[in-house]
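The structure appears below as structure tokens.
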Amino acid sequence: VNASPYDNGWIIKVEMSDQDELKSLMNSDKYTKFCEEEDANH
């Protein structure tokens with residue numbers, strides 16, 4: 001898992017019940033920015 005988390009490290013498979021929820025997911029850049037902003041607020 002640690003050697004290849006984005007290629008061979010998957011340990012679960014998620015099945016979406018509502019495909020429209022995918023539109024609200026953040027990519028890694030947006031999530032990093034979100035975490036930095038949250039950290040600054042606390």
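The values are calculated or read from the model by the stated rules, or taken from the named source; none is laboratory data. In this text, all values refer to a predicted model and were calculated from it rather than measured experimentally. Neighbour counts are summed over all protein chains in view; Cβ atoms, including those assigned to glycine, are modelled from backbone coordinates with ideal geometry.
Inclusion of S17 among residues that are at negative phi, of a type in the set (G, A, S) and either modelled with pLDDT under 85 or within 12 Å of the chain's Cα centre (by Cα) (or both) is not warranted.
The residues of region 1-30 that are in a helix (DSSP H, G or I) and among the small types (G, A, S), listed by number, are S24, S28. Output yes when any residue across region 31-42 is assigned to a loop (DSSP other than H, G, I, E, B), within 16 Å of the chain's Cα centre (by Cα) and either surrounded by 10 or more Cβ atoms within 10 Å (Cβ to Cβ) or not β-branched (V, I, T) (or both), and no when none is. Within region 31-42, not a single residue is assigned to a loop (DSSP other than H, G, I, E, B), within 16 Å of the chain's Cα centre (by Cα) and either surrounded by 10 or more Cβ atoms within 10 Å (Cβ to Cβ) or not β-branched (V, I, T) (or both). Would you confirm whether or not region 9-22 contains a residue that is surrounded by 10 or more Cβ atoms within 10 Å (Cβ to Cβ) and among the hydrophobic types (A, V, I, L, M, F, W, C)? Looking through region 9-22, at least one residue is surrounded by 10 or more Cβ atoms within 10 Å (Cβ to Cβ) and among the hydrophobic types (A, V, I, L, M, F, W, C).
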